[in-house]
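The values are calculated or read from the model by the stated rules, or taken from the named source; none is laboratory data. No experiment lies behind these values; they were computed from the predicted model shown. A quick note on method: Cβ atoms are made from the backbone with ideal geometry, for glycine too, and the neighbour counts reach across all protein chains shown.
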């Protein structure tokens, strides 16, 4: 998979598109190793057509195209599945400013631990259909970064993003 990542990063970089990863690869980058079958990329919604076009030149085509994301498959199935998540320009800029280089393919960027936790906390609203994956990722990342549980910023993030029923599990007290 690392060769596929390098190849993908090179293609996107040549196209002038900064690739930024989230999802399972970001979880792995931040310390919890788990398997994943796709690569989640975050992009600026305003560059949607440009990104889909660049991926098409590399043999990708949309399998599912929604307003908030697009699942891309490669015509040979030799390359990984891509889930492209569209965000607004200001959100993309914030995420990119905080992103880190990815070890195997430094041209790829990975969202910061804070951004990853925010996405995972927000996803708890839909956790059941995802079979508890986000909850497990959060708990594993907290065990690898225990300082987060004591962080005022993390507590605020939990209060803003996570359903209240998860607060005690994450070490955050209810304000009532």
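Structural remarks
- Residue that is surrounded by the most Cβ atoms within 10 Å (Cβ to Cβ) [pool: residues in segment 92-109 that are in contact (Cβ under 8 Å) with a residue 40 or more places away in the chain and assigned to a strand (DSSP E or B)]: 109
- Among the residues of segment 35-53, the ones that are closer than 21 Å to residue 101 by Cα and surrounded by 12 or more Cβ atoms within 10 Å (Cβ to Cβ) come to 9 in all.
- Subset of segment 54-81 [outside any strand (DSSP E or B) and surrounded by 14 or more Cβ atoms within 10 Å (Cβ to Cβ)]: 54, 55, 58, 59, 79, 80
- Selection within segment 20-53 - at positive phi and part of a helix (DSSP H, G or I): 23
- Single match in 108, 113 (criterion: within 22 Å of residue 47 (Cα to Cα) and touching a helix residue (DSSP H, G or I) at 6+ places or on another chain (Cβ under 9 Å)): 108
- Test: residue 17 is part of a strand (DSSP E or B) and either within 15 Å of the chain's Cα centre (by Cα) or not assigned by TED's automatic domain parsing to the domain that holds residue 122 (or both): no
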